[in-house]
Amino acid sequence: MICSPLKNRLHSKPEKRKRVENEEAMAKSMETDDLNLALSVQCRVLTAAKTLDSDLDLAYHLQMQEAMDASIALQPSSSRCPSPPPETDDVVSSPEDNVLDVAATLMLQDVERFAQELEDRERSEAEMRKMLEDLDRRIHDQKFAAYILNVPEEEWKVHGDNYISPYRSDASSSTSSPSSSTVLVDAECFRLYSKGLVSEESVRDMKVTVAGAGVAICDPRDSLMLEVRKNLEAFVDGQVVTNEVAELEALIEGLNKAFSLNLKRLTFFCDHYMLYQYVTGRVAPQQSKVATLVNQVAVLQRKFTCCNPSLVARNDIKFAFKSARDAIISQITWPEETSHGKTLKETCVICFEDIDVDKMFSVDGCLHRYCFSCMKQHAEVKLLNGMVVKCPHEGCKSEVNIDSCGKFLAPKLVEVLSKRVKESSIPITEKVYCPRPKCSALMSKSEVLQFTKTTFVGADKIGVRKCMKCHYYFCIDCKVPWHYDMTCHDYKRSTLYSHSEDAKLTSLAKSKHWSQCVKCNHVVELAEGCYHITCRCGYEFCYTCGAEWKNKKATCSCPIWDERNIIRR
């Protein structure tokens, strides 16, 4: 039977390491037993002290009762009946006794709380061990799968059934330390993504500043292992925290989480340029708060076998960015009673209405949130003006995801938006439309050329193109159905061109004195303003003669404006 070299490598474990790990496990078990024993002894001592105090208090009351009975017996008789002796149960305890009872109760509560925390910690450690063992097993399986893929096909056909690499059986011991069964985990380099945000949000009629941190720990193949969000203090000493402080606090939270998972090798990613400069030592922080946090990062880095920073774009830390935004959203929502029960409310920063959280739209990329109604109006206006729908937040350039627009747009508008996105992705000079009126498909010149070459030899030399949608041939220069056995010059002199749509447009442009961009052939009409034209392709020219403008200056001697075009009556 053939066994892979990977199997032999995985099964090798030094005896010394085994012995050390067993000793550590036994020491930890003894420590836990001693702690539980101390807690039980303390509970018994407190209970006995409380019982003794109660017995002493009862003895004191009994002695007082006997003394009062003896005093009444020695008094001479009188016509007035003596008042009955007070019952021992009605004797009011002194303040000192109440204080002692409260102190004992509080101490017992502290002991119980500490015992519960100890139990929770043990359960958390058990879960951590289980997660690391599962991760170690997954890494083992991935390595063996990669090894199998490199086995030659001929050898696999003969010996494929004999390749085995079982996972070691001693990895499931629940009493072992976290590192005793994670040999592969210790050798892998994991990925840490962190993001700290400080944002001004609207909560009803108030403007509030909130901060949040997001952390994502991924395996070497960038699969998410652990995701954490945390609310940060937005004000320190009466001042709003800076983005640098929030970023550093998020990084510290992530490093602590990675260390608690007993990870040895780590690469942490951030999109904040100055944060990267600080942690690499290239720039010394000026603020004392930032300097303190940078020192904490350096101390945490030394706890790992290998821990290096990396600067990436925001799109590469989407896990952590989303968690940070979720932390901020959790601080600006509030519960409200409705006819359907309790629901979470959030304020839309456009209409300032209190909206259900499930009716708020989150823009992909930036995660800014607005209500469906405001996003619907915003998208309709942009589509009406032939523009791509972007985030309404001032200065934000994130585009709205087409697939998510179905929440607030009609299906026809979603289709229009899809076409707008495709149009915006193709440069103006690369756009070409099918000349068939029933088709009019949008294509780029490069992709339609590659598509035509598969069926038409020499297409790049004669200008013939094949529509990628309707598969009709057309001329890329004349923008008309392909004119067989006729050059473009001959076609434009023929009667066919005089009746075409392009000929009619050219005639209309001459009669209306419209101008045409020499770069993209786009026809421009001057409604008002000066004669300096900037085409949608970026080319600048004179509307009167078509001469190019360079460095915002005309290269011709034509008038720059006409008074009737720049003054509204």
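Here region 267-392 was treated as a single set of alpha-carbon atoms; its pair distances binned every 10 Å from 0 give 11, 27, 25, 20, 15, 3 percent. Summing Lys and Arg as +1 and Asp and Glu as -1 over all other residues whose Cβ lies under 10 Å from the Cβ of Glu201 gives a net charge of 0.
Surface calculation, 1.4 Å probe, protein heavy atoms: Glu528 sits at approximately 100 Å² accessible. Using a 1.4 angstrom probe on heavy atoms only, work out the carbon and sulfur share of the accessible area of region 428-499 in %. Roughly 55 percent, rounded to a whole number.
In this view, the solvent-accessible surface of Lys318, computed with a 1.4 Å probe and all protein chains in place, comes to about 130 Å². For region 345-425, the fraction of 1.4 Å probe accessible surface lying on carbon and sulfur atoms is 51 percent. Positive contributions from Lys and Arg (+1) and negative ones from Asp and Glu (-1), summed over other residues with Cβ under 11 Å from the Cβ of Ala459, come out at +3. Pro285 sits among other residues whose Cβ lies under 15 Å from its own Cβ, and their net charge, with Lys and Arg +1 and Asp and Glu -1, is -1. Per residue, the accessible area of region 339-424 comes to 58 Å², computed with a 1.4 Å probe over protein heavy atoms only. Across Val102, Val448, the residue with the most accessible area heads the list, and the full order at a 1.4 Å probe is Val102, Val448. With contacts taken as Cα pairs under 8 Å at a separation of at least 6 residues, region 187-332 carries a relative contact order of 34 percent.
The accessible-area ordering, largest first, of the residues Leu232, Leu224 stands as Leu224, Leu232, per a 1.4 angstrom probe. Taking the empirical scaling 2.2 N^0.38 Å for compact globular proteins as reference, region 345-425 has a Cα radius of gyration ratio of 1.04.
Only protein heavy atoms count here; on that basis, with a 1.4 Å probe, Glu66 has an accessible area of about 130 Å². Measuring between their Cα centroids, region 371-438 and region 235-288 lie 38 Å from each other. With a 1.4 Å probe rolled over the protein heavy atoms of all chains, the accessible area of His513, His393, His522 falls in the order His513, His393, His522, largest first. Region 503-533 to region 320-351: how many Å between their Cα centroids? Distance between centres, Cα-based: 52 Å.
Per-atom-type breakdown for region 176-270 gives carbon and sulfur 46% of the accessible area (1.4 Å probe, protein chains only). The fraction of Cα-Cα pairs per 10 angstrom bin, counted from 0 for region 505-568, comes to 22, 53, 24, 1 percent, rounded to whole percents.
Positive end of the dipole of region 505-568 (Cβ unit charges, origin at the Cα centre): among Val523, Thr544, Cys558, the Cα lying farthest that way belongs to Val523.
Taking 20 Å as the straight-line reach from the Cα of Lys553, the lysines in range (excluding those fewer than 8 positions away in the same chain) are Lys519.
The values are calculated or read from the model by the stated rules, or taken from the named source; none is laboratory data. Quantities reported herein were computed from a predicted structural model and do not represent experimental measurements. Here the Cβ is made from the backbone with ideal geometry for all residues, glycine too, and neighbour counts use every protein chain on show. Protein only, heavy atoms only, side chains kept; ligands, DNA and RNA dropped before computing areas. Shrake-Rupley method; radii C 1.70, N 1.55, O 1.52, S 1.80 Å.
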